[in-house]
Each structure stands twice: as structure tokens, then as C-alpha cells.
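Engineer: Input: one structure, supplied below.
The values are calculated or read from the model by the stated rules, or taken from the named source; none is laboratory data. Predicted, not measured: the structure shown is a model, and the values here were computed from it. A quick note on method: Cβ atoms are made from the backbone with ideal geometry, for glycine too, and the neighbour counts reach across all protein chains shown. Calculation scope for accessible area: heavy atoms of the full protein, side chains included, ligands and nucleic acids excluded. Shrake-Rupley method; radii C 1.70, N 1.55, O 1.52, S 1.80 Å.
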Amino acid sequence: MSKKRGILLSFEGIEGTGKSTQTRRLCKYLKDKGISYTLLREPGSSVIGEQIRDILLFSKGKLSYFAETLLFIVARDQLRRQKIETALEKKDVVILDRYADATIAYQGYGSGVDINLINDLNNRAMGDAIADVTILFDVDPPIGLVRSGRNDRFEKRKMDFHERVRRGYLKIAKANPKRIKIINASEDVASIQDKVREIFLSVFKPRKVRQH
Ligand SMILES: Nc1ncnc2c1ncn2[C@@H]1O[C@H](COP(=O)(O)OP(=O)(O)OP(=O)(O)O)[C@@H](O)[C@H]1O
Ligand SMILES: [Mg+2]
């Protein structure tokens, strides 16, 4: 992949923290500024990815944690090859509503799958398409789950699972302080969006200047 590629932003956090709300708002901001972007969600945003999303979120069949992990990795690999790389080559701002950290937090810290193994698989699936910056929305799980109103396989897990996922995300952030920026997601939507834009501009501006 060319060095002068677009930038890749990922949004992470447990359910109901505001990832989709904030990515949509950021996209509107980019559109108004005439900045070309691609918004993708994980798992999904490719034909096979969406089929895998259905299995992961709504399948009634029993899925082992390891099988679940592998399905996320397959969806990631498909998305990277079919969408992310092309968008980055076009120099788009690529916005990912969840990405590799989610598998470490949910399947690793949350469900006990070997984290070193997930890291290896993630690296294979991502290739060079590593996030330039990751915004982690942090909030107490009960607040997020009430907001979310979802009714899928992950939402239905017990509260201690969501607590482990939250703590897992915070550990990942601590280990990657340059890439991962934490935002307190209990604030109001507009204040959070201001912070999201600030973080976006901190990675977007220098690149723009360098291109001239
Ligand atoms: N800062 C906020 N304060 C109060 N409510 C919020 C805030 N951000 C989002 N919401 C509301 O919470 C609900 C969940 O938000 P959203 O769908 O953006 O979360 P999400 O992180 O994408 O969740 P999921 O992981 O389930 O996809 C929505 O109804 C949204 O309007
Ligand atoms: Mg969402």
C-alpha cells in the first residue's frame, strides 16, 4: 500500500457507548467540509461480512468462543481486502465502527480466548491497514446497555462479561497510549463530537500539510 494513503480511524467501546451516533456525526462533518470518507462497520460492510454478522449476532445455534473469534477474523480479512485497502488507496478518511481491538476485548478479555493468538490473527487480517487512531468510548456497562436497547447474542450476556470487556478495552488503551484516545461516553452527544473532531484533526492536519 502506498505511503500516502488515507487515514484510518476506528471507534471502539462496549454496546451503547455512542460509536454509531458519533461516526455518523463525524461523517456529516466530513461531508460538509468536502472531505472524502468511507464509513464501514464490523463485522459487515461486505457481502460475506454481513452474512457473518448475521451468524455472530443472531444465530440460534451454539457457537464456541473460538469459532466466534475466527468468524470475526474472517469478516475482518474480507473487509480489509474488499473495502479498506481500496478506500485508503483513494486517500479517503476510513472510519470503522469497531475493528481489531473489539476481538481482543470481547473474545480475549471477555470470553477467555488466547489474546496472543487473537493478536496474531488480527495482524494477518489487518495487513498494513492498521488504525492511525482509535477512539475508545468508555462508560459504565449498565448505562451503555440501557441506551443500546439491542437484543443480540452479545447484549444478552451477563453484566460481568460486559465489565470484563470494558476493563479489557482500558488495558488495550493503556498498552497503546499513542494510538488509542479514551473519551468519557457519559457526556452529552455534542461535547463528545467536539472531542472526536479534535482527535480527528490531530491526525488529519499534519498529513494534509505534508502532501503539499
Ligand atoms: N452521549 C450520549 N448520551 C445519551 N445518549 C446517547 C449518547 N450517545 C448515544 N446515545 C444514544 O444511545 C443509543 C445507542 O447509541 P449508539 O447506537 O450510537 O451506540 P453504539 O456504541 O453504536 O452501540 P452498539 O454497540 O450497540 O452498536 C442511541 O439511542 C443513541 O441515541
Ligand atoms: Mg452501533
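Engineer: Of everything in region 144-181 that's in contact with a strand residue (DSSP E or B) (Cβ under 8 Å, 6 or more places away or on another chain) and assigned to a helix (DSSP H, G or I), which residue is surrounded by the fewest Cβ atoms within 10 Å (Cβ to Cβ)?
Structural biologist: If we take residues in region 144-181 being in contact with a strand residue (DSSP E or B) (Cβ under 8 Å, 6 or more places away or on another chain) and assigned to a helix (DSSP H, G or I), then L170 is surrounded by the fewest Cβ atoms within 10 Å (Cβ to Cβ).
Engineer: Does R98 satisfy the condition of being on the phi > 0 side of the Ramachandran plot and either open to solvent by less than 80 Å² (accessible area, probe 1.4 Å) or not aromatic (F, W, Y) (or both)? If you could, list the steps in order and put the result at the bottom.
Structural biologist: Details: on the phi > 0 side of the Ramachandran plot: yes; either open to solvent by less than 80 Å² (accessible area, probe 1.4 Å) or not aromatic (F, W, Y) (or both): yes.
In short, yes.
Engineer: Determine if region 46-55 includes at least one residue that is touching a residue at least 60 places away in the same chain (Cβ under 8 Å) and either surrounded by 14 or more Cβ atoms within 10 Å (Cβ to Cβ) or out of contact with any helix residue (DSSP H, G or I) (no Cβ under 6 Å at 6 or more places or on another chain) (or both).
Structural biologist: no
Engineer: Being more than 12 Å from the chain's Cα centre (by Cα) and of a type in the set (D, E, K, R) is the filter here; which residues of region 6-30 pass it?
Structural biologist: Across region 6-30, the qualifying residues are R24, R25, K28.
Engineer: Something else about it: Pull up region 116-142, narrow it to residues that are assigned to a loop (DSSP other than H, G, I, E, B) and among the charged types (D, E, K, R), then point me to the one that is most open to solvent (accessible area, probe 1.4 Å).
Structural biologist: Among them, the one singled out is D128.
Engineer: Right, next: Working carefully through the options R41, R24, find the one that is more than 19 Å from R124 (Cβ to Cβ), in contact with a strand residue (DSSP E or B) (Cβ under 6 Å, 6 or more places away or on another chain) and open to solvent by 70 Å² or more (accessible area, probe 1.4 Å).
Structural biologist: R41
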